[in-house]
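Asks: What follows is a structure written as structure tokens; I'll ask about it next.
The values are calculated or read from the model by the stated rules, or taken from the named source; none is laboratory data. Being a predicted model, the structure only gives us computed values, none of them experimental. Here the Cβ positions follow ideal geometry from the backbone for every residue, glycine too, while neighbour counts run over all protein chains shown.
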Amino acid sequence: MVEEQQKKRKKKKGNAQIKSSKQSINKINSENKKSNPKKKARKSPPSSKKSKNKGHSERRKPIPKQKRNPLYTFIFNVFFYSFISFMVIGSILFATSKSSDRSVLGYRFFGVLTDSMVPRDPKTQKGGFHSGDIIVVKNIEGDSAKVGDIITFKPSINSTAFLTHRVKKKMDHLGDTKGTYYITQGDANKAEDVPISEKQVVGKKVFAIPKVGGILNFVSENLLVSIIFLVSVFGFITIIRYYILNK
């Protein structure tokens, strides 16, 4: 009997120890929960990832291009197309340079070979030009030139050469022959030219392009090379234009 009582006492003590240990464990867990109440909210990192992704997406948005200045674009286009038009028209004129009797839209152009029209007095002699220049001449009626005009004419009816001098006098007869006649003179010359009739007049000088005579001669002698050069220049200008306007 004594042994059985001892065994019962031992069991009670063991159960009491187990209960106390469980109670101590529960107390520790409750204390940990109170000290760290946010441990349950460990699912917050995905939201932070989303915020990071949003930040990256915002950074990756392309920067909007600045609006082009319409005035700048207009000025550039005017310059560009004017240059191209000049090159095209110039090439057409160069192609017809071998025959001075040809005209393009009523205009001709001639290479200046001498300095007879270099003005001695630029204030009174306006519109002069130098050797190596190109002059653009507009076709006119032979009797429509006026005193002071610079006209291009043939020294004789059957001449293949041309002169371009200033009109000094305009007459309605020469001796007993009625008609329109002119006396011309180069600005650099001291003597007047031989009188010419209206039938010898080719046209009136409109303007001069300085120092382009060498280009004219080169193009007339090397037409294929000149065409290749013009195409290359056009391509280069087109690329520059695209780069500037889409910068």
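Asks: I want to confirm something. Restricting to region 204-217 and keeping residues that are assigned to a helix (DSSP H, G or I) and out of contact with any Ser or Thr (no Cβ under 7 Å at 6 or more places or on another chain), which single residue is surrounded by the fewest Cβ atoms within 10 Å (Cβ to Cβ)?
Replies: G214
Asks: Shifting gears a bit: Say whether the condition of being assigned by TED's automatic domain parsing to the domain that holds F79 and farther than 20 Å from F83 by Cα is met by at least one residue in region 224-244.
Replies: Yes, region 224-244 contains at least one residue that is assigned by TED's automatic domain parsing to the domain that holds F79 and farther than 20 Å from F83 by Cα.
Asks: Okay, moving on. Residues being of a type outside the set (A, V, I, L, M, F, W, C), touching a strand residue (DSSP E or B) at 6+ places or on another chain (Cβ under 8 Å) and under 16 Å from I157 (Cα atoms): count how many of those fall in region 185-199.
Replies: The number of residues fulfilling the criteria is 4.
Asks: Next question. For region 146-189, which positions are closer than 19 Å to F109 by Cβ and assigned to a strand (DSSP E or B)?
Replies: I150, I151, T152, F153, L163, T164, H165, R166
Asks: May I ask you to list the residues in region 218-247 that are exposed (fewer than 13 other Cβ atoms within 10 Å of the Cβ), under 23 Å from the mean Cα position of the chain (by Cα), at pLDDT 75 or above and of a type outside the set (S, T, Y)?
Replies: Scanning region 218-247 gives I228, V231, G235, F236, I239, I240.
Asks: Looking at G132, G179, G186, which one is of a type outside the set (F, W, Y), in the same structural domain as F110 (by TED's automatic domain parsing) and over 15 Å from S116 (Cβ atoms)?
Replies: G179
Asks: Right, something else. Looking at (1) modelled with pLDDT under 95; (2) of a type outside the set (D, E, K, R); (3) out of contact with any helix residue (DSSP H, G or I) (no Cβ under 7 Å at 6 or more places or on another chain); (4) more than 16 Å from D115 (Cα to Cα), can you tell me which one M171 breaks?
Replies: The single condition M171 does not satisfy is (1).
Asks: Here is a further query. Inspect region 204-214 for any residue being more than 23 Å from F109 (Cβ to Cβ) and either modelled with pLDDT of 90 or more or within 40 Å of the chain's Cα centre (by Cα) (or both) and give the result as yes or no.
Replies: For region 204-214, residues more than 23 Å from F109 (Cβ to Cβ) and either modelled with pLDDT of 90 or more or within 40 Å of the chain's Cα centre (by Cα) (or both): absent.
Asks: Condition first: of a type outside the set (D, E, K, R), assigned by TED's automatic domain parsing to the domain that holds Q185 and in contact with a helix residue (DSSP H, G or I) (Cβ under 7 Å, 6 or more places away or on another chain). Can you find one or more residues in region 118-129 that meet it?
Replies: no
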